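Undergrad: My questions will all concern the structure given below.
The values are calculated or read from the model by the stated rules, or taken from the named source; none is laboratory data. This is a predicted model, so every value here is computed, not measured. Reconstructed Cβ throughout: ideal geometry from the backbone, glycine too, with neighbour counts over all protein chains shown. Keep in mind that these areas ignore ligands, DNA and RNA; they rest on the heavy atoms of the full protein, side chains included. Shrake-Rupley method; radii C 1.70, N 1.55, O 1.52, S 1.80 Å.
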Amino acid sequence: MRDVAWVRAACAAEWIKIRTVRSTLWTLLLSLVLSVGLGLLVGHSLSEGYSGMDRERRENFDPVAAGFLGLMIGQISLVTFGVLQIGAEYTSGTIRASLLAVPRRGLFYGAKVAVGTLTAMVFSLFTVYLTFFAAQWALGPHGMSLGDPGVPRATLGAWAYLTLMCAFSIGVATMLRSTALTLGILIPLLFLNSQGLGNVPRIRTVAQYLPDQAGAVMMRVVGVDETFVTHRDFGPGAALAIMLLWTAAALLGGYAVLCRRDA
């Protein structure tokens, strides 16, 4: 019973931190606005330009993936939210007070990961489906409905991807112990360089396994993808496994660093 009380107290403390810090709400709202807004813009643009596409592009056109392009940008704010959960404590020095209040580092880390990931999970659910409906509405006759084949799997894949990216970010931030350093590495690597690396034939085989590339597979309905890396050797199920492996590695690495290094 005492252990349960400790867990509840640690989780309650993390929830208080999340809901009382102004940057948390604004970061999450920015992610929502970017995702939905870009989904609308992309959907409208593609709807206007659909008639100008050649036959091959029309056959490979994926309305769901096109509408979710906004998520690939909006997730930057969600990743920032994950990084701030632990990075802000190291930057401000409050990590020492937190560990004094919860001296069991495994409990402290587990509560932070659990509460941060659950918050991201709930928020991502709204973001994914609002973005989906907004983008498909903007696509008009070229859009898809939630009941179409492959769409439920793609939307759930997008939800899982955003949630796992937040947890992954918490783990990386714990290892690096710095908000600026973590964001300075994650944003270029996940959102810029992986697409550029995908254009280099010898590196493409490795680049396709980066988190953002796995996420792009998870949120597709049509198999062919010309948005990011042009060829991947795995499908949505394997992409989810890849994301789980990345997330587990980051969280385990964060736990090892937190336990072995002084605050």
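Undergrad: So what is the relative contact order of segment 1-140, in percent, for Cα pairs below 8 Å that sit 6 or more residues apart?
TA: It comes to 45 percent, rounded to a whole number.
Undergrad: For Ser45 and Leu181 in one chain, what is 0.36 nm times their gap in residues minus the Cα-Cα distance, to one decimal in nm?
TA: Working: separation 136, 0.36 × 136 = 48.96 nm, distance 3.58 nm.
Computed gain between Ser45 and Leu181 is 45.4 nm.
Undergrad: Quick one: helix 151-176 against the long Cα principal axis of the chain, what's the angle to the nearest 10°, folded into 0 to 90?
TA: Result, in degrees: 40.
Undergrad: Mind checking which of Ala111, Tyr129, Phe81 is farthest towards the positive end of the chain's charge dipole, using Cβ charges of +1 (Lys, Arg) and -1 (Asp, Glu) about the Cα centre?
TA: Going by the charge dipole, the pick is Ala111.
Undergrad: What accessible area per residue comes out for segment 51-155, rounded to a whole number of Å², with a 1.4 Å probe?
TA: 43
Undergrad: So if we plug the beta-carbon distance of Trp6 and Leu146 into 1/(1 + (r/R0)^6) with R0 = 45 Å, what FRET efficiency do we get, rounded to 0.05?
TA: 0.60
Undergrad: Please state the relative contact order of the chain as a whole percent: Cα pairs under 8 Å, 6+ residues apart?
TA: Relative CO of the chain lands at 25 percent.
Undergrad: I want the local charge near Leu139. Using Cβ-Cβ distances under 15 Å, sum +1 for each Lys or Arg and -1 for each Asp or Glu among the other residues.
TA: Residues near Leu139 contribute -1 overall.
Undergrad: What's the local net charge at Ser178, with K and R +1, D and E -1, over the other residues with C-beta under 14 Å away?
TA: That works out to +1.
Undergrad: Let me ask another. Using the Karplus equation 6.51 cos²θ - 1.76 cosθ + 1.60 (θ = phi - 60°), what ³J(HN,Hα) coupling, rounded to whole Hz, does each residue of segment 114-125 give in order, writing x for Gly and Pro?
TA: Each residue of segment 114-125 in turn: 5, 5, x, 5, 5, 4, 5, 5, 5, 5, 5, 4 Hz.
Undergrad: Among the trypsin sites (Lys or Arg not before Pro) in segment 91-160, which ones are in a DSSP loop with at most 15 other Cβ atoms within 10 Å of the Cβ? Mind listing them?
TA: In loop regions of segment 91-160 (DSSP not H, G, I, E or B), the sparsely surrounded trypsin sites (Lys or Arg not before Pro) are Arg104.
Undergrad: Still on this structure, please answer the following. Based on the Cβ-Cβ distance of Arg96 and Thr20, what FRET efficiency does E = 1/(1 + (r/R0)^6) give at R0 = 25 Å, to the nearest 0.05?
TA: For Arg96 and Thr20, the calculated efficiency is 0.85.
Undergrad: Accessible area of the chain with a 1.4 Å probe: how many percent of it is carbon plus sulfur?
TA: Numbers: 8590 of 12770 Å².
C and S fraction of accessible area: 67 percent.
Undergrad: For the chain, what does -39500 (n - 2.57) per DSSP helix run (n ≥ 4), summed and divided by total residues, give at 222 nm, in deg cm²/dmol to the nearest 500?
TA: Computed ellipticity for the chain at 222 nm equals -25500 deg cm²/dmol.
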